[in-house]
Amino acid sequence: MRAVSVVLAAVGIPLALVLLFAPVTWGYGGITVRWVAGTTADATVGNVRNVDPGGPAARVGLHAGSNFAIGFGDRVTWNSGRAGDSVNILVLHNNGARQRVRLVWGPFTPVLAAVEQWRQTGYAITALLAFFLALLVGIRARESRLGSIATFVLLALGWRAVAGATTLAASTTALSEGAQYAVWFTDGIILAAMLFLLGTFPPNPGIVRRVLQYAAIPAGILAWLAPTVPYLAFYVPSVFAQHFRMDAGNNGIALASLLQLLLVAACIDALVRAPITYRAATRWLAGSWLIAALLTAAYGIA
């Protein structure tokens, strides 16, 4: 497994370099939407929560509180539509009137464009560092089993970052959306592998790491399904799927966030309880993951 991971890391490095200089193609609708389940997928209604006064949605007459319907065959991915992509929506007015408008995704405003470009660059740099470290650990690790696990985790982190960058620089909306699903799937793999690794290294785990070691696989599956299921259910034409989507989206993502906090606790436990001979390696391992968690939180706040 280690040899395969080293090869995949070597393949990923040039791809990460290409993405480092790729422009952001992600589009901007200037709108946030809360979806309300209907009797079928096509009957699901979007309720506008916020509108950028200078954005594309405002220009076609949408405002906070507006409701609209959208045919699922004419749908642009709301979280990854490219600039220039468009979609027909049916605005549902309070007086019963219906108005068909075409919403065209535009480029980000300067401040948001800078934030998205920063995220794109951050993903690419993360991928490069992860692939280089995977090569280093895969080639030089003295303990075969531990080296294989660590190399695999670093490799997964690298490809996760590649998928994240692709959602912002994809040539088509379909590729962008596919990359988003890959991000969620890889998140589950990474979380399971990290929990298992932290449960076995360094030796002398505390109660937090002992518990999370056994929870590694269920936690990884949950972290993958929590964001994925709601979006897949979006396409299923049944009222059950639409209501399940709402419940899973709210509760599942909250549980996945809790698991991320438990992972931080496991890192801290590893740093505190590591034997002297393992402290340097633990600082690199757990410390880097804590920094990654901090950067992720900082982006969310931004």
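Could you check how many residues of the stretch 93-108 are farther than 30 Å from Thr25 by Cα and either assigned by TED's automatic domain parsing to the domain that holds Gln120 or of a type outside the set (S, T, N, Q) (or both)?
Residues meeting the conditions: 4.
One line per residue, one yes/no per condition, for (1) at pLDDT 80 or above; (2) charged (D, E, K, R); (3) within 24 Å of the chain's Cα centre (by Cα):
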{"position": "Ala64", "(1), (2), (3)": "yes, no, no"}
{"position": "Val101", "(1), (2), (3)": "yes, no, no"}
{"position": "Arg119", "(1), (2), (3)": "yes, yes, yes"}
{"position": "Gly138", "(1), (2), (3)": "no, no, no"}
{"position": "Ala163", "(1), (2), (3)": "yes, no, yes"}
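Limited to the stretch 110-125, what total is found for residues that are out of contact with any strand residue (DSSP E or B) (no Cβ under 7 Å at 6 or more places or on another chain) and in contact (Cβ under 8 Å) with a residue 40 or more places away in the chain? Talk me through it step by step, then tell me what you get.
Filtering the stretch 110-125 for residues out of contact with any strand residue (DSSP E or B) (no Cβ under 7 Å at 6 or more places or on another chain) gives 110-111, 113-115, 117-125.
Now narrow it down to the ones that are in contact (Cβ under 8 Å) with a residue 40 or more places away in the chain: 113, 115, 117, 119-125.
Residues meeting the conditions: 10.
Identify all residues within the stretch 125-155 that are crowded, with 23+ Cβ neighbours inside 10 Å and small (Gly, Ala, Ser); write none if there are none.
Ala127, Ala130, Ala134, Gly138, Ala150
Is it the case, given these coordinates, that Val162 is closer than 22 Å to Ala9 by Cα and assigned to a helix (DSSP H, G or I)? Before the answer, list the steps.
Details: closer than 22 Å to Ala9 by Cα: yes; assigned to a helix (DSSP H, G or I): yes.
The answer is yes for Val162.
The values are calculated or read from the model by the stated rules, or taken from the named source; none is laboratory data. Note that the structure is a prediction, hence the values are computed from the model and not measured. Glycine gets a Cβ as well: all are built from the backbone with ideal geometry, and neighbour counts include every protein chain shown.
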